[in-house]
Structures are given as C-alpha cells and as structure tokens.
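J.: Sharing a structure with you now.
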C-alpha cells in the first residue's frame with residue numbers, strides 16, 4: 001500500500017448476518033486524492049454455532065465468511081473525515097454502495113439483484129428511512145452534478161427505484177454533510193450553511 005493510504009472497512013450486522021465493504025482510500029477531501037488502486041471488496045459473514053452449549057447461550061459463535069466479491073478499482077469516497085456508511089441490512093436484505101452505485105445483494109450468491117447509479121460522485125453514506133421502506137443516499141458533494149439541478153441526497157425504494165431527490169439548497173450550493181434524522185425531519189447542512 002502506498003504512503004497516505006488507509007484501508008477503510010464499513011460493517012453492518014443484523015442477527016446472524018454481517019456484510020462488509022472495504023477499500024483503500026486517501027486521507028484528503030478531494031476526489032483527486034483517491035489512490036489508483038482502491039481494491040474494493042464486499043464480503044458476507046454468517047454466525048456459525050460451533051458449540052451448542054455456552055457459546056449458543058451468550059452469542060459467542062464465530063463469524064464464517066460465506067462469500068467475497070471483488071469490485072476492483074473504483075472511485076470511492078476520499079477521506080473519511082465525515083464518516084462513511086456503505087452498507088445496510090433491512091429484514092435480512094443486504095444493500096451496499098460501491099462507487100456511485102447502490103445495489104441490493106443476494107445473501108446466498110453475493111450477486112446484485114438490482115443496481116442503481118445515484119450520481120457522478122461516489123456514495124459516502126446510506127441509511128434506512130424512518131419506516132425502513134427506503135434508503136437515504138448521500139453522494140459526495142465535491143463536483144456533484146445532476147441534469148435537473150437537484151442535490152446529492154436521494155431516497156431510493158427497496159426495489160431500486162429513486163423515489164425523490166432533494167432540491168439544491170441554493171442554485172450555487174450543495175449539501176456538504178450527510179443527512180441525519182431530527183425526529184421525523186431529515187436534515188443536512190450545505191456549504192453556505
């Protein structure tokens with residue numbers, strides 16, 4: 001690994017399933033500081049009950065890798081100064097963000113059930129909606145562009161269809177921070193505050 005490169009790993013766990021998205025990334029905040037070899041890997045782990053006794057009682061069964069998918073070198077979020085969240089599990093359904101694409105992944109095979117491109121910049125954050133009927137997606141703001149002059153925050157239904165995309169806060173602005181729920185309201189800050 002080159003100097004200034006870190007291995008980022010995002011892991012989501014729900015019961016006996018755990019999915020990881022891992023990649024080599026830079027430490028700066030611009031897209032140009034991404035390493036040439038990001039080596040994006042997605043893998044699924046399942047709990048394996050090794051012993052019936054004590055480990056089953058207190059949940060100490062070990063994790064066993066079920067599959068690994070290599071995605072190669074894609075443009076990924078550079079610098080995790082605002083954090084990354086690239087996976088989500090909703091009712092045993094697996095969702096991952098790799099590059100600028102959001103996908104539902106089949107737990108048995110590791111293959112994509114559907115894939116949706118959400119913009120021209122990498123996705124750096126996905127999260128469940130309040131009612132878990134969709135995912136909120138946040139693409140990196142740096143150089144984000146949309147044909148209809150909309151923003152880098154969108155809602156995607158669990159079948160891979162974009163439900164809505166937030167308008168730009170101002171015509172010359174974009175959302176700079178990942179969205180968060182404040183009660184029932186979804187909030188984010190723009191560069192202009």
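The values are calculated or read from the model by the stated rules, or taken from the named source; none is laboratory data. As the structure is a computational prediction, the values presented were derived from the model and not from experiment. Reconstructed Cβ throughout: ideal geometry from the backbone, glycine too, with neighbour counts over all protein chains shown.
J.: Of (1) closer than 28 Å to residue 18 by Cα; (2) without any contact (Cβ under 8 Å) to a residue 24 or more places away in the chain, residue 167 satisfies all except one. Which?
T.: (1)
J.: Among (1) surrounded by fewer than 23 Cβ atoms within 10 Å (Cβ to Cβ); (2) within 12 Å of the chain's Cα centre (by Cα); (3) within 26 Å of residue 5 (Cβ to Cβ); (4) in contact (Cβ under 8 Å) with a residue 60 or more places away in the chain, where does residue 96 come up short?
T.: (1)
J.: To continue, here is another question. Looking at residue 161, is it at pLDDT 85 or above and either within 24 Å of residue 104 (Cα to Cα) or surrounded by 13 or more Cβ atoms within 10 Å (Cβ to Cβ) (or both)?
T.: Taking the combined requirement at face value, the residue satisfies it.
J.: Quick check on residue 185: is it surrounded by fewer than 20 Cβ atoms within 10 Å (Cβ to Cβ) and more than 29 Å from residue 69 (Cβ to Cβ)?
T.: yes
J.: Then there's this: Just give me the residues in the range 26-67 being modelled with pLDDT of 70 or more, loosely packed, with under 12 Cβ neighbours inside 10 Å and part of a loop (DSSP other than H, G, I, E, B), in sequence order.
T.: Matches in the range 26-67: 36 only.
J.: Right, next: Pull out all pairs, ordered by first then second residue, where Cβ-Cβ is under 6 Å, the residues are six or more apart or on different chains, the first lies in the range 65-87 and is over 15 Å from residue 40 (Cβ atoms), and the second is surrounded by fewer than 17 Cβ atoms within 10 Å (Cβ to Cβ) and at pLDDT below 95.
T.: Going by the 6 Å Cβ cut-off, the qualifying pairs are 66/46; 79/27; 79/28; 79/29.
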